[in-house]
Amino acid sequence: MSRILVVEPVAAPGRDLLAAAHETAVRLNLPRAELLTALAEGGGWDALVVRSQTRVDAELLAAAAPRLSVVGVASVGTDRVDIGAATHAGVMVVNAPTGNTIAAAEHTMALMLSLLRHIPGADASVRRGEWERGKYVGAELRHRTLGIIGLGKIGKAVARRASAFEMRVMAHDPLLTSEQATEHSARLVGLAELLNRADVISVHVPLTAETRGLIGRGEIEAMKSGAVLLNVARGGLVDEAALADALRSGHLGGAAIDVFTAEPMAADNPLRDAPNTILTPHLGASTAEAQDRVGIEMAEQLLLALDGVTPPYAINAPSVAAEVAPQLRPYVDLGRRLAILARQLATTPIADLSLGYAGEIAAWDGGPIRGAVLSGLLEGTDQRVNAVNADLVARERGLTIAESRTDVAAPWTSLVRLELGAGEGALALAGSSAHGRPRLAGLGEFVIDTELAGTILVTRHHDQPGIVGAVGSALATAGVNISSLELSRLSAAGEAMMFVSVDQPISNEVLEALRGVPGMLHAQVVELPALA
């Protein structure tokens, strides 16, 4: 059972999922120093759950090492997590990218309507005893142009709702095609055209190094006179000082802001007293339904990660579509086992790797298999190596990697091929999966079919009478039971290879005796992970 530490509020359904599967502790509102100390308590934690306030950086990851393997973020945004530091440490980061889509889209529409109909000001006026209907004449959404910057899940949901109000929707998103935008009732345009023509501009992009300050003074000045701006995405996307200046000068007609560069909102934030504004305290995901969905989605991702499965919403590890994952998973396990075997059989340092995908798996994303192969080759070094950081560690260690694909895998449906090194010390292996169990299909020139699990005696010998019997007798005398034996030969009376799976350890004395059997060329014991 794993240990999970929850340090920020997560809705009860999500917490319950975690607690039902693993030991789960909730420690909220810990000062930074206490949090760093708590991460080492009881031998450490396998998983850490945060939301939007805890800074997960190299310092925190070091305090949680070496046990921490996954960080669950109960939010869409992960800008408080140093993804680079987590990747280098081999710590997977998962989030909940779809749970708050509806809540954020609805909050955007609520702010849009409130801004154009002056609802907060009118409400305050009535409460003061006033009745100034003429002062609060608003504007309709119908036939106005909405410009959406970032047509992701939330941007698309906003576009659909805006279309229902009969708004004209244009969008800017460099990752989409015009056809994809049209599917969501939006016309794809450049950022300059959007800024120049939209009556209402709504920002829906993540906060990254590239998007920080996306809407700066120049972009605000490019907006049409009287336009209104909404940000229900992330603080730091909009230059708040420039926005306040544009509101005070009358260039912009209004702004509705839910997220801020510093949260809670700083006392000296220039938007506090800017005119024609609606300011809310990061409420985009604050519905009971969204909090439940986010908590459940994050918990499901985190539990998959703890079970050794790369979840669909892993931020820093290769994942595959949900419909492909069950078919690919056995080959991910196979890749790691082939690599562990190769590492034990290699006679020279591993400097280059050729990785081949054959048959059905050639059509799938090979990233998860590659990560598993690299982690199998590199594990056991002075650094944790797993699917999260395998590519990074391989590059740092100067390992050259080449990948190839072919449709031909007969007689297997799919094959994973590994080739290590070149020349005399080269090593080539191939494997497949049968009924979900990993099988070795070939080693060098030898064709073989044996299960890749447990303790295996590997021999190379002359194909002559007595070898198999001598091995069996030596193991029987030592009390070692043979569970399976697979024999392959290149030609009659030529060279042969044997894979002998056993139930008990083989001592060095027995191994030396086997190496002394007449006709034996090589004998070695390899250890592979047991099968569940």
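The values are calculated or read from the model by the stated rules, or taken from the named source; none is laboratory data. Bear in mind the structure is a predicted one, so any value in this text is a computation, not a measurement. All Cβ positions, even for glycine, are placed from backbone atoms using ideal geometry, and neighbour counts span all protein chains on display. Heavy atoms of the whole protein, side chains included, go into the accessibility calculation; ligands, DNA and RNA do not. Shrake-Rupley method; radii C 1.70, N 1.55, O 1.52, S 1.80 Å.
Between Phe165, Ser178, Ile154, the Cα set farthest toward the positive side of the dipole of the range 126-216 (charges on each charged residue's Cβ, about the Cα centre) is that of Phe165. With a cut-off of 20 Å on the backbone N, the residues of the range 1-16 near the modelled label site 7 Å out from Arg67 along Cα-Cβ are 1-8. Helix 467-477 and the longest principal axis of the C-alpha atoms of the chain enclose an angle of approximately 80°. Note that the range 229-239 has calculated 3J(HN,Hα) couplings of 10, 10, 9, 10, 9, 9, x, x, 6, 10, 6 Hz, one per residue in order, obtained from phi through the Karplus relation 6.51 cos²θ - 1.76 cosθ + 1.60 (θ = phi - 60°); glycine and proline are x. Label the range 438-494 by shape, choosing from rounded, prolate and oblate, from the square roots a ≥ b ≥ c of the eigenvalues of the Cα gyration tensor; if a/c is under 1.5 it is rounded, and otherwise prolate applies when a/b is larger than b/c, oblate when it is not. Oblate is the answer for the range 438-494, as a/c is 1.5 or above yet b/c matches or exceeds a/b.
FRET efficiency for the pair Thr477 and Asp407, taken as 1/(1 + (r/R0)^6) with r the Cβ-Cβ distance and R0 = 30 Å, rounds to 0.05. Principal-axis analysis of the Cα atoms of the chain puts helix 240-249 at an angle of about 20° to the longest axis. Given the choices [x] -0.42, -0.54, -1.02; [y] -0.46, -0.59, -1.10; [z] -0.35, -0.47, -1.05, log10 I(q)/I(0) by the Debye sum over Cα atoms at q = 0.06, 0.07, 0.11 Å⁻¹ derived from the coordinates of this structure is entry [x]. Go ahead and run the numbers for FRET between Tyr136 and Glu183, Cβ-Cβ distance against an R0 of 45 Å, rounding to 0.05. Computed FRET efficiency for Tyr136 and Glu183: 0.75. The distance between label points at Glu221 and Thr280 comes to 3.2 nm (points 7 Å beyond Cα on the Cα→Cβ vector). With axes computed from alpha carbons, what is the tilt in degrees of helix 101-116 against the longest principal axis of the chain, rounded to the nearest 10 within 0 to 90? Compared with the principal axis, the helix lies near 10 degrees.
For the range 419-532, give the magnitude of the charge dipole about the Cα centre (Cβ charges: +1 Lys/Arg, -1 Asp/Glu; no others), in debye to the nearest 20.
Values: 5 positive and 12 negative charges, 30 e Å.
That gives the range 419-532 a dipole magnitude of about 140 debye.
Each label point was placed 7 Å from the Cα along the Cα-to-Cβ direction; for Leu392 and Leu521 their separation is 4.3 nm. 3J(HN,Hα) along the range 422-435, derived from phi through the Karplus expression 6.51 cos²θ - 1.76 cosθ + 1.60 where θ = phi - 60°, amounts to 8, x, 4, x, 5, 9, 10, 9, 9, x, 9, 10, 10, 6 Hz, with x in place of Gly and Pro.
Positive end of the dipole of the chain (Cβ unit charges, origin at the Cα centre): among Leu28, Ala124, Ala11, the Cα lying farthest that way belongs to Ala124. For Ser483, nonlocal amide neighbours, meaning residues 5 or more places apart or on other chains whose placed amide H falls under 5 Å from its own, are Ser501, Val502, Asp503. Here's the picture: charge each Lys and Arg Cβ at +1 and each Asp and Glu Cβ at -1 in the chain, and of Leu377, Leu328, Leu188 the one pushed furthest to the positive end of that dipole is Leu188.
Relative contact order of the chain: 11 percent, from C-alpha pairs under 8 Å at least 6 residues apart in sequence. The chymotrypsin sites (Phe, Trp or Tyr not before Pro) of the range 80-180 that meet both conditions, a loop assignment by DSSP and at most 14 other Cβ atoms within 10 Å of the site Cβ, are Trp131.
A helix-only calculation puts the chain at -9500 deg cm²/dmol for mean residue ellipticity at 222 nm, using -39500 (n - 2.57) for each DSSP H run of at least four residues, averaged over all residues. Within the full protein context, the accessible area of Asp352 is estimated at about 50 Å² for a probe radius of 1.4 Å. Segment Glu323..Ala40, full-extension length gain: 98.1 nm, with 0.36 nm per residue of separation and the alpha-carbon distance subtracted.
In the context of the full protein assembly, His251 retains an accessible surface of approximately 50 Å², using a probe radius of 1.4 Å and ignoring ligands and nucleic acids. Distance between the 7 Å Cα→Cβ label points at Glu193 and Arg160: 2.5 nm. The dipole here belongs to the chain: it is taken about the Cα centre, uses +1 on the Cβ of Lys and Arg and -1 on the Cβ of Asp and Glu, and is about 1200 debye. For the range 373-452, the set of GluC sites (Glu not before Pro) satisfying both a DSSP loop assignment and a count of at most 14 other C-beta atoms within 10 Å is given as Glu445.
What is the magnitude of the charge dipole of the range 40-120 about its Cα centre, with +1 placed on the Cβ of each Lys and Arg, -1 on the Cβ of each Asp and Glu, and no other charges, expressed in debye to the nearest 20?
Numbers: 5 positive and 7 negative charges, 50 e Å.
So the dipole magnitude of the range 40-120 works out to roughly 240 debye.
The range 102-168 has equivalent-ellipsoid semi-axes of 28, 13, 7 Å, by the square roots of 5 times the alpha carbon gyration tensor eigenvalues, sorted largest first. Scalar couplings 3J(HN,Hα) for the range 412-417, obtained by applying the Karplus form with A = 6.51, B = -1.76, C = 1.60 to θ = phi - 60°, are 8, 6, 9, 9, 10, 10 Hz; x denotes Gly and Pro.
Can you list the trypsin sites (Lys or Arg not before Pro) in the range 113-219 that are in a DSSP coil and have 11 or fewer other beta carbons within 10 angstrom?
Numbers: sites: Arg117, Arg127, Arg128, Arg133, Lys135, Arg142, Arg144, Lys153, Lys156, Arg160, Arg161, Arg168, Arg187, Arg197, Arg212, Arg217; in loops: Arg117, Arg128, Arg142, Arg144, Arg212.
Answer by residue number: Arg128, Arg142.
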